Amino acid sequence: MEVAQKEFEPACVYVNTASIGLPPRRVVEALDEAIDVWRTGRAEAADYDKLVDRARRRFAGLVGVTPDRVAIGNQVSTFTGLVAAALPDGASVLTAEEEFTSVLFPFLAHADRGVRVQAVPLDRLVETIRPGVHLVAVSAVQSADGRIVPGGLDGLSAAAAEHGCLTYVDATQAVGWLPFDAGGFDFVSCATYKWLLSPRGTAFGVVRPERLQMLRPLYAGWYAGADPWTSIYGPPLRLAGDARRLDISPAWLSWAGTVPALDLLDEVGIVAIHRHDLGLANALRERLGLPRGDSAIVTVSAEGGLERLRAANIRASARAGAVRLSFHLHNTESDVEAVARALGR
C-alpha cells in the first residue's frame, strides 16, 4: 500500500473519495500525454479504441465477469434509463427511501406507463422483495452514509431469485474498495470518477447475457456497431451481438485517464484495498466512539464539523445532515488522527 500511496499528491487531508476520487500520478501523466497528442495534431480516432478495450477488460476483471457483458458509457443514469425503458407497462419497482436519484428518477419518469416505484427503508429492502415485484433497484453502497445492503449483496441476489425478481445495482460507491461480483445481478452500473480514481465522463454497465435482449439500445450510435468503423453511415441496423450494442460513443480523453487508474487498482488488488480502507475507517470510528462498521465511508453528526475540518485543511463533504468522510488508497493513519483532532476527539 505504501508504494501505491506514492502515486498521490494531495495538498490537504483528503477524505472525500465518495464525492470525487483523487487521481494517481499516472492518471495525470496519461492525461497530459493525451492532451499533447491532441494539441499537436497527432491524434487518430481509431487509436482510442485500444484504450476503451483495455478499460472494458480491466473493469470486467475487477467485478468478476467477462468483457462481453460490459458496456461503456458516461454516467449511471443512462444505464438506469435503459433498464427503466425495458420494464413492461405497470411494472413494480422496489427501491430504498434513501436511494441516490440517478438510480431512482429514471424509473419515476415512467409513471405515465403505470410503472410503480415503492420506496422502503434500506434495512427493510430485502425482506420486502416478494412475488409481483418486477425489479429491485438499489446502490450496493449508499451514497449518503456508506451503508451496504443489510444482509449483504448475496442475500439481495438470493431473495430476488427466490421470488423471480430482476435486480439492478449501482456499484459506483462500491467498486474500487469493496469486493464485488457483478455476475450475481441482472444489471449493474458503475461510474468511475469516485473509487475508480478516473476522470468524470466514463462509466460501465454490466448485463447478464440472458437479459441483453430486454434492453433496447436507445442511445445506439456508430460505436455500438458490430464493427464501429464500418457502421458509420447508412442502414441497416447492425449492432454488436454482445453488451457492446449498448455502448455510448466514448469521451476519448476521459478514457485515457481511466485506463491507468484501473491498472493501479488491479496491481494493488481489491482485497488489499478493502482491508486498508476499512481499517482506516474503523480506526476513525474507534477514535470518535462509534461502533465498528463494514464501510469505508464514515458519517458523523457533528455540529459545525465540516467547518472545523475545512479550518484544519481537511476536505470532506456533508450529506443528509451529517459529515461524510471516506478513506481510500492515498489515506494513512495520520489522516485519521488529523480528522479526529479537528472534530475534537
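The values are calculated or read from the model by the stated rules, or taken from the named source; none is laboratory data. These figures come from a predicted structure and were not determined experimentally. Cβ coordinates were reconstructed from backbone atoms using ideal geometry, including for glycine residues, and neighbour counts include every protein chain displayed. The accessibility values were calculated without ligands, DNA or RNA, using every heavy atom of the protein model including side chains. Shrake-Rupley method; radii C 1.70, N 1.55, O 1.52, S 1.80 Å.
Output the residues belonging to region 1-35 that are of a type outside the set (A, V, I, L, M, F, W, C), over 30 Å from SER231 (Cβ atoms) and part of a helix (DSSP H, G or I). Steps first, please.
Pass one, region 1-35, residues of a type outside the set (A, V, I, L, M, F, W, C): 2, 5-7, 9-10, 14, 16-17, 19, 21, 23-26, 29, 32-33.
Still in the running and over 30 Å from SER231 (Cβ atoms): 2, 5-7, 9-10, 14, 16-17, 19, 21, 23-26, 29, 32.
Answer for region 1-35, where residues must be of a type outside the set (A, V, I, L, M, F, W, C), over 30 Å from SER231 (Cβ atoms) and part of a helix (DSSP H, G or I): GLU2, GLN5, ARG25, ARG26, GLU29, ASP32.
What's the total number of residues in region 305-336 that are of a type in the set (Lys, Arg) and touching a residue at least 60 places away in the same chain (Cβ under 8 Å)? Break it down into steps so the answer makes sense when it comes.
Residues of region 305-336 of a type in the set (Lys, Arg): 308, 310, 315, 319, 324.
Retained after the next criterion (residues that are touching a residue at least 60 places away in the same chain (Cβ under 8 Å)): 315, 319, 324.
So the count comes out to 3.
Let me confirm something: among ARG211, ARG200, which residue is of a type outside the set (S, T, N, Q) and assigned to a loop (DSSP other than H, G, I, E, B)?
Working: ARG211 fails: assigned to a loop (DSSP other than H, G, I, E, B).
Within the list ARG211, ARG200, the selection yields ARG200.
When residues of region 222-263 are filtered for being modelled with pLDDT under 95 and under 18 Å from the mean Cα position of the chain (by Cα), how many remain?
0
Determine the pairs where a residue that is touching a residue at least 60 places away in the same chain (Cβ under 8 Å) and of a type in the set (Lys, Arg), located within region 16-39, has a partner that is part of a loop (DSSP other than H, G, I, E, B) and open to solvent by less than 50 Å² (accessible area, probe 1.4 Å) with Cβ atoms under 8 Å apart, the partner being 6 or more residues away or on another chain.
ARG26/GLU7
Of the residues in region 141-171, how many are open to solvent by 10 Å² or more (accessible area, probe 1.4 Å) and of a type in the set (S, T, N, Q)?
The total comes to 2.
Among the residues of region 212-233, how many are basic (Lys, Arg) and more than 21 Å from SER102 (Cα to Cα)?
The initial filter retains those residues of region 212-233 that are basic (Lys, Arg), namely 216.
Filter again for more than 21 Å from SER102 (Cα to Cα), leaving none.
Number satisfying all stated conditions: 0.
Condition check: within 26 Å of PHE180 (Cβ to Cβ), open to solvent by less than 10 Å² (accessible area, probe 1.4 Å) and touching a helix residue (DSSP H, G or I) at 6+ places or on another chain (Cβ under 9 Å). Does GLY73 satisfy that? Spell out the reasoning first.
Values: within 26 Å of PHE180 (Cβ to Cβ): yes; open to solvent by less than 10 Å² (accessible area, probe 1.4 Å): yes; touching a helix residue (DSSP H, G or I) at 6+ places or on another chain (Cβ under 9 Å): yes.
When the stated conditions are applied, GLY73 passes them.
Given the criteria of a type in the set (Gly, Ala, Ser), out of contact with any Pro (no Cβ under 7 Å at 6 or more places or on another chain) and under 20 Å from MET214 (Cα atoms), does ALA55 qualify?
Values: of a type in the set (Gly, Ala, Ser): yes; out of contact with any Pro (no Cβ under 7 Å at 6 or more places or on another chain): yes; under 20 Å from MET214 (Cα atoms): no.
Considered against the rule, which asks whether it is of a type in the set (Gly, Ala, Ser), out of contact with any Pro (no Cβ under 7 Å at 6 or more places or on another chain) and under 20 Å from MET214 (Cα atoms), ALA55 comes out as no.
Name, by its number, the condition in (1) buried (at least 22 other Cβ atoms within 10 Å of the Cβ); (2) of a type outside the set (Ser, Thr, Tyr); (3) within 30 Å of VAL37 (Cβ to Cβ) that does not hold for GLY221.
The one condition GLY221 does not meet is (1).
Could you check how many residues of region 61-70 are in a helix (DSSP H, G or I) and either in contact (Cβ under 8 Å) with a residue 40 or more places away in the chain or under 15 Å from ALA140 (Cα atoms) (or both)? Lay out the reasoning, then the answer.
Applying the first criterion (in a helix (DSSP H, G or I)) to region 61-70 yields 61-63, 67-69.
Then drop every residue that is not either in contact (Cβ under 8 Å) with a residue 40 or more places away in the chain or under 15 Å from ALA140 (Cα atoms) (or both), which leaves 61-63, 68-69.
Number satisfying all stated conditions: 5.
Spot the failing condition for TRP229; the list is (1) open to solvent by 50 Å² or more (accessible area, probe 1.4 Å); (2) under 17 Å from ASP53 (Cα atoms); (3) without any contact (Cβ under 8 Å) to a residue 60 or more places away in the chain, and only one is missed.
The single condition TRP229 does not satisfy is (3).
If we keep just the residues of region 2-44 that are under 23 Å from ALA340 (Cβ atoms) and out of contact with any Phe, Trp or Tyr (no Cβ under 9 Å at 6 or more places or on another chain), which is surrounded by the most Cβ atoms within 10 Å (Cβ to Cβ)?
Among those residues, the one meeting the criterion is VAL13.
Given the conditions (1) at pLDDT below 95; (2) open to solvent by 10 Å² or more (accessible area, probe 1.4 Å); (3) more than 26 Å from ALA140 (Cα to Cα), which single one is not true for ARG319?
(3)
Which numbered condition in (1) modelled with pLDDT of 95 or more; (2) not in a strand (DSSP E or B) is the only one that LEU153 fails?
Status for LEU153: all satisfied but (1).
Within region 164-195, which residues are in contact with a Pro (Cβ under 9 Å, 6 or more places away or on another chain) and either assigned to a strand (DSSP E or B) or touching a residue at least 40 places away in the same chain (Cβ under 8 Å) (or both)? If you could, list the steps in order and put the result at the bottom.
Residues of region 164-195 that are in contact with a Pro (Cβ under 9 Å, 6 or more places away or on another chain), as a first pass: 164-165, 192-193.
Listed by number, the residues that qualify are CYS165, THR192, TYR193.
Please enumerate the residues belonging to region 76-97 that are open to solvent by 30 Å² or more (accessible area, probe 1.4 Å) and under 17 Å from the mean Cα position of the chain (by Cα).
Hit for region 76-97 is SER77, nothing else.
Out of region 258-295, which residues are touching an Asp or Glu at 6+ places or on another chain (Cβ under 9 Å), in a loop (DSSP other than H, G, I, E, B) and either among the aliphatic types (A, V, I, L, M) or buried (at least 19 other Cβ atoms within 10 Å of the Cβ) (or both)?
Hit for region 258-295 is SER295, nothing else.
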